[in-house]
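**Student:** Please find one structure pasted underneath; my questions will follow.
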Amino acid sequence: MPYFIYKITSGSTGAIKALECIDKYDEFRQAKSFIRERRAELGHDSRVAIKMVFANDELEAEQRLREPRHAPILREWEK
């Protein structure tokens, strides 16, 4: 399964506005170095995020990026 690199543009409310597949790599190290280069080009206050997803195809990668991620539940001993 390849690593897909996506450029994610968010709106003013923080919701995902647009997903754009930039590239895909078969090796993790290549994908990681590509992401580091692109993130260095962006400013910290940018509404654009660069993310990597491990998936079978582009459709699955976009579904994984769009699904909401919930905060982990903290147990009593983890507080």
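The values are calculated or read from the model by the stated rules, or taken from the named source; none is laboratory data. On a predicted model such as this, the values are computed, not experimentally measured, just so you know. Here Cβ is always computed from backbone atoms with ideal geometry, including for glycine, and neighbour counts include all displayed protein chains. All accessible areas refer to the heavy atoms of the entire protein, side chains included, with ligands and DNA or RNA removed. Shrake-Rupley method; radii C 1.70, N 1.55, O 1.52, S 1.80 Å.
**Student:** Given the residues 8, 22, 35, which is the only one that is hydrophobic (A, V, I, L, M, F, W, C) and outside any strand (DSSP E or B)?
**Tutor:** Step by step, each of 8, 22, 35 is checked, and only 35 is hydrophobic (A, V, I, L, M, F, W, C) and outside any strand (DSSP E or B).
**Student:** Let me ask another. Which one of 31, 18, 71, 49 is open to solvent by less than 100 Å² (accessible area, probe 1.4 Å), in contact with a Ser or Thr (Cβ under 8 Å, 6 or more places away or on another chain) and free of Cβ contacts under 8 Å to residues at least 40 places away in the same chain?
**Tutor:** From the options 31, 18, 71, 49, the qualifying one is 18.
**Student:** Can you work out which of the residues in the stretch 54-68 that are of a type in the set (D, E, K, R) and open to solvent by 100 Å² or more (accessible area, probe 1.4 Å) is farthest from residue 23 (Cα to Cα)?
**Tutor:** The qualifying residue farthest from residue 23 (Cα to Cα) is 67.
**Student:** Any idea how many residues of the stretch 52-68 are touching a residue at least 24 places away in the same chain (Cβ under 8 Å) and outside any helix (DSSP H, G or I)?
**Tutor:** 5
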